[in-house]
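Comments concern the structure below.
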Amino acid sequence: GGEPLRLSIDLSVQAAVERVLAGGMALMHAKAASAVLMEARTGRIVAMASLPDFDPNARPRIAGYAGDSPVFNRAAQGVYEVGSSLKIITAALAMEAGIATPRTMVDTQGPLRINGFRIRDFYDNGPELSLRDVIVESSNIGTSHLAVEVGTERQKIFLADLGMTEPVPVELPEARRSKPLLPKRWTTLSTMTISYGHGIAVTPLHVAAAYATLANGGYRVTPTLLADPKPLGERVVSEAVSRDVRDMLRAVVTEGTASLGEVPGYRVGGKTGTADKPNPQGGYHDDKVLATFASIFPAHDPEYVLIVTLDEPEDRTGREPRRTAGWTAVPVAAEIVRRIAPLMNIA
């Protein structure tokens, strides 16, 4: 409209995010990485990075798989299974539907068998856990039972309300073309696997917007790269459910799989996700993962959402390579928070 274009990007924060992400990508021997930093109450994107990077004056040729190209925007364009990062969505749905509270006991006896498939937990969690501990201990079996109790149709509606079933309407053409991958036939098995982040593929921007919505009091945000934020959307969950979500995400850091995410003074909350990478020849790789840490800070009154994803990471400091998000994406995200929080004047 002839007016100056003002972006939401903070250049100092953007530079710090890129620098730390690049260092973390090298330390974790990852082939690629992305990060999204978003204001939880507005959806404004403060920083967004996709690595490896490229020089716009010397665009590289795209050879082979397009998703491996430096030109490909992993944060806004790539759709991925992000694993257990989506379990908090299942928990929020169960609480909003009135079938569970954080203290409700959930069946975690495994393995869970359905249609010839077995659903297992990374660790044996015993016969039952509270809903809070289903999230803290990251139980696939627990979220599967919750999703079945809620039902497929309510799961579909809730994901749509969070913006997880359509392209993100951000001001980037590649994002608007990136439609999430959903089941062609949404079976009971689909409902179960989606409850823990498999069988659905979304962009990191989708995850950021969903976490902002669940953590900010329950109002849907619209991601934007413009300085003037879009109006908040309809309420998706109640303030009480939003508060419980924040408490659970905080507990994952203080007691659960994201203990390396603690940054003194900033009360980080979040959820890890480690998803096996699909093999182009079919099935999944045994030794390649996509590791995600979806976080909020400060957890008691979130100002920001930070999503960090590493492609094929390996922490090689131990006797055996460690690939899970708790060992790879989480410490990288913690270092980003440590570096950028003072730049953003967070007390």
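What is the spin-label model distance, in nm, from R176 to A97 if the labels are put 7 Å beyond Cα along the C-beta direction?
Label at R176, label at A97, 3.5 nm between them.
At 1.4 Å probe size, with no ligands or nucleic acids counted, give the accessible surface of H145 in Å², nearest ten.
Near enough 50 Å² of accessible area.
Could you tell me the relative contact order of the chain? Use alpha-carbon pairs under 8 Å, at least six residues apart, and round to a whole percent. Spell out each step's value before the answer.
Values: 788 pairs, mean separation 78.6, N = 347.
Once divided by the residue count of the chain, the mean separation gives 23 percent.
Express in nm, to one decimal, how much length is gained between T254 and K277 on full extension, taking 0.36 nm for each residue of separation and deducting their alpha carbon distance.
On the way: separation 23, 0.36 × 23 = 8.28 nm, distance 2.83 nm.
Separation in residues times 0.36 nm, less the Cα-Cα distance, equals 5.5 nm.
Where a Cα-Cα gap under 20 Å defines reach, which lysines qualify for K87, not counting those fewer than 8 residues away within the same chain?
Filter leaves K156, K271, K277.
Hey, rough spin-label estimate for R322 and V71, points 7 angstrom out along Cα→Cβ, what's it come to in nanometres?
The two pseudo-label positions are separated by 3.9 nm.
Which ³J(HN,Hα) values in Hz, rounded to whole numbers, follow from the phi angles of the stretch 335-343 under the Karplus curve 6.51 cos²θ - 1.76 cosθ + 1.60, where θ = phi - 60° and Gly and Pro get x?
Per residue, the Karplus-derived 3J(HN,Hα) values read 5, 5, 4, 4, 7, 9, 4, x, 5 Hz.
To the nearest 500 deg cm²/dmol, what mean residue ellipticity at 222 nm is calculated for the chain from DSSP H runs of n ≥ 4 alone, each contributing -39,500 (n - 2.57), summed and divided by the residues? Before the final figure, lay out each step's value.
Values: 10 runs with 107 residues, N = 347.
It comes out at -9500 deg cm²/dmol, rounded to the nearest 500.
Using the Karplus equation 6.51 cos²θ - 1.76 cosθ + 1.60 (θ = phi - 60°), what ³J(HN,Hα) coupling, rounded to whole Hz, does each residue of the stretch 11-17 give in order, writing x for Gly and Pro?
4, 5, 5, 4, 5, 5, 4
Which entry in (1) 45, 22, 19; (2) 29, 23, 21; (3) 39, 23, 21 matches semi-axes √(5λ) of the Cα gyration tensor in Å derived from the coordinates of this structure?
After the calculation, the listed value that fits is (2).
The values are calculated or read from the model by the stated rules, or taken from the named source; none is laboratory data. Nothing here was measured: the structure is a model prediction, and the numbers come from that model. Note that each Cβ is placed from the backbone with ideal geometry, even for glycine, and that neighbours are counted across all protein chains shown. Accessible surface is based on the protein model in full, side chains and every heavy atom, while ligands, DNA and RNA are left aside. Shrake-Rupley method; radii C 1.70, N 1.55, O 1.52, S 1.80 Å.
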